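The values are calculated or read from the model by the stated rules, or taken from the named source; none is laboratory data. Not measured: the values here are computed from a predicted model. Glycine also receives a Cβ, built like all others from the backbone with ideal geometry; neighbour counts cover every protein chain displayed.
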Amino acid sequence: MIAAPEEMACRICLSPLNTLGTPPTYVHPIQLATDGHEPVPVPVSQLDTVRRHCDFCGDPYPTWTLVGGQVTAVAIGAAAGLVQNFGQAWAACATCQTHIDDGRNHKVVDRAVQAFGLGDHPEARERIEQLHRAFLDARVPGRTLITTTAWPATAITARELPKVRDRLARFYRGDDRLSTALATTGTRQHLAAGLDRAGLFWIDGDFTDLAEYAAEKLPDVTISRDLMPSTDGLLVWSRPVTPGQITAASWTTTSDGWHLVNYRTIGGGLDGAPLQRLREQVGWLAPTSTVQVHEQHLLPGDHPAAALTATWLLIAQQAAEVTTAEVDKAVRKTYARTNRPAPEVRIVRIRANRGGTPSSARSTPGDPGPSQTSRFWVSGHWRNQPYGPGRALRRPVYISPFLRGPDDAPIKLSTTVRMLSSHRPMSEDHD
């Protein structure tokens, strides 16, 4: 059996590409408006974001891939001879999927007609309905979650975290498929079990800023058991921390290391039945990338897990102040009914500055010495610090921005520095 060729997308615009001829020539879809650039093909498996659209209505946030009948359309008239192959795999948005699940395929046609501005063209509606019917009448059971859709970010509060965790574990145990390295049943069951026992960490806004900034400069890091704040865990930042819209990460113990998974939020902008159905069936998080690491694994500083690693390091070096969030009463009751202990959610904030001058300010290369006539900002940076038996091991420690120079000297204003506060927002503890 010959394997189907891997789907390709354009690295520039992130749009899926069509193929012409053998060997294939990759072209942008006819209906896609571009700036005229030539396609730069790359396998979609190498991208964390692909700009797909719902194949039923054109919605820019497709949720599911369905497999149905092979649909081919032939244009006639002025465009005679033009063949459009729609394929057997169609992307469906959450709203179209809800209508299909409820047996209301005419509602899907209504959405397409409205989206394409064809309300005054009954013949066009009939053609769209024929295409939909040709696909759906031969639909294969099952569906695959699309994890490369760049949804608008959804804020997750600390109080919601137990429910977010439980819904994600339930999705891993469910029948809906994943097309990533997490597709195997054994891996999914293992991740679900890890989530059941995971420590829950919610990172507040200031600490999220710090972690994102520090991750941009992160050196290669050796992964070790004492680096992690819990054996298994789920960590949610208050907002996305990478261009790929990563908002959460989990780590699950394996026989020889850990399984790290990045997540983006899903469902932003939806409401009504489609949102409720998505929350019930998937939850709030969609896995986007994963890696397996082992003890003393050297993780590159530019790895997709850099934000998680930087957050671990900052917590480990006691830059964090950890408090416990109040969990919703409904969540506590749900746990009690199933004889589970009440979940504990830890809020991570920047530890308040206790004063004093950083040691790096007293002894660093290029120290200007006592003759310095002004003070200037030194940007935040990482420094390898000895630790472990005989202080023979090295671990990056983040040095926060600080002023260098005599205390009574004026501050030089030609340098920009990012300063982060250590205030405590009230909303998460008292809402």
Next item on the list: Hey, could you check segment 331-371 for residues that are within 27 Å of the chain's Cα centre (by Cα), under 30 Å from ASN384 (Cβ atoms) and among the charged types (D, E, K, R) and say which is modelled with the highest pLDDT?
Entry: ARG346
Check: If you scan segment 114-144, which residues turn out to be in contact with a Lys or Arg (Cβ under 7 Å, 6 or more places away or on another chain) and hydrophobic (A, V, I, L, M, F, W, C)?
Finding: LEU118
Notebook entry, point to check: How do the pairs read when you match residues in segment 375-401 that are at negative phi and among the acidic types (Asp, Glu) with residues anywhere that are at pLDDT below 70 and in a strand (DSSP E or B), using Cβ under 7 Å and keeping only pairs 6 or more apart or on different chains?
Noted result: none
Next item on the list: Give the residue, chosen from ILE156, ILE128, that is in contact (Cβ under 8 Å) with a residue 24 or more places away in the chain and aliphatic (A, V, I, L, M).
Entry: ILE156
Check: Under the condition of being within 27 Å of ALA89 (Cα to Cα) and of a type in the set (Asp, Glu), which residue from segment 128-173 is surrounded by the most Cβ atoms within 10 Å (Cβ to Cβ)?
Finding: GLU129
Check: Is segment 177-187 home to any residue that is over 16 Å from the mean Cα position of the chain (by Cα) and surrounded by 19 or more Cβ atoms within 10 Å (Cβ to Cβ)?
Finding: yes
Item checked: Residues (modelled with pLDDT of 90 or more and surrounded by 14 or more Cβ atoms within 10 Å (Cβ to Cβ)) located in segment 25-54 -> PRO39, PRO41, VAL42, THR49, VAL50, ARG51, ARG52, HIS53, CYS54
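Look through segment 244-278, keep the residues that are among the charged types (D, E, K, R) and surrounded by fewer than 18 Cβ atoms within 10 Å (Cβ to Cβ), and return whichever of them is farthest from ILE146 (Cα to Cα). It would help to see each step written out before you state the result.
If we filter segment 244-278 for residues that are among the charged types (D, E, K, R), which is where we start, we get 256, 264, 271, 277.
Checking the rest, the ones that are also surrounded by fewer than 18 Cβ atoms within 10 Å (Cβ to Cβ) come to 256, 271.
Numbers: ASP256: 30, ASP271: 19 Å.
The residue in question is ASP256.
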Next item on the list: Might you check whether a residue that is assigned by TED's automatic domain parsing to the domain that holds HIS259, touching a residue at least 60 places away in the same chain (Cβ under 8 Å) and assigned to a loop (DSSP other than H, G, I, E, B) occurs anywhere in segment 206-215?
Entry: no
Check: Between a first residue in segment 319-330 that is within 15 Å of SER238 (Cβ to Cβ) and modelled with pLDDT under 85 and a second residue that is aliphatic (A, V, I, L, M) and part of a strand (DSSP E or B), which pairs have beta carbons less than 6 Å apart while being 6 or more apart in sequence or on different chains?
Finding: ALA320/VAL348
Notebook entry, point to check: Restricting to segment 91-144, what's the tally of residues that are under 31 Å from the mean Cα position of the chain (by Cα) and among the polar types (S, T, N, Q)?
Noted result: 4
Next item on the list: Would you point out which residue out of ASP206, ASP137, ASP226, ASP220 is farther than 19 Å from ILE347 by Cβ and touching a Leu at 6+ places or on another chain (Cβ under 6 Å)?
Entry: ASP220
Next item on the list: Residue by residue through segment 217-229, note down the ones that are touching a helix residue (DSSP H, G or I) at 6+ places or on another chain (Cβ under 8 Å) and in a helix (DSSP H, G or I).
Entry: ASP226, LEU227
Next item on the list: Quick one: GLY283 ticks every box in (1) part of a loop (DSSP other than H, G, I, E, B); (2) surrounded by fewer than 18 Cβ atoms within 10 Å (Cβ to Cβ); (3) over 11 Å from the mean Cα position of the chain (by Cα) except a single one, so which number is it?
Entry: (2)
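Look through LEU308, LEU260 and report the one residue that is part of a strand (DSSP E or B), in the same structural domain as PHE201 (by TED's automatic domain parsing) and closer than 24 Å to LEU393 by Cβ.
On the way: LEU308 fails: part of a strand (DSSP E or B).
LEU260 is the lone residue from the list that is part of a strand (DSSP E or B), in the same structural domain as PHE201 (by TED's automatic domain parsing) and closer than 24 Å to LEU393 by Cβ.
Among the candidates VAL241, VAL291, single out the residue that is among the hydrophobic types (A, V, I, L, M, F, W, C), in a loop (DSSP other than H, G, I, E, B) and either crowded, with 23+ Cβ neighbours inside 10 Å or at pLDDT below 95 (or both).
Details: VAL291 fails: in a loop (DSSP other than H, G, I, E, B).
Checking each option against the conditions leaves just VAL241.
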Next item on the list: Report the residue count in segment 99-134 for those that are closer than 20 Å to HIS53 by Cβ and assigned to a loop (DSSP other than H, G, I, E, B).
Entry: 4
Item checked: Single condition GLY205 does not satisfy, out of (1) surrounded by fewer than 22 Cβ atoms within 10 Å (Cβ to Cβ); (2) within 17 Å of TYR387 (Cβ to Cβ) -> (2)
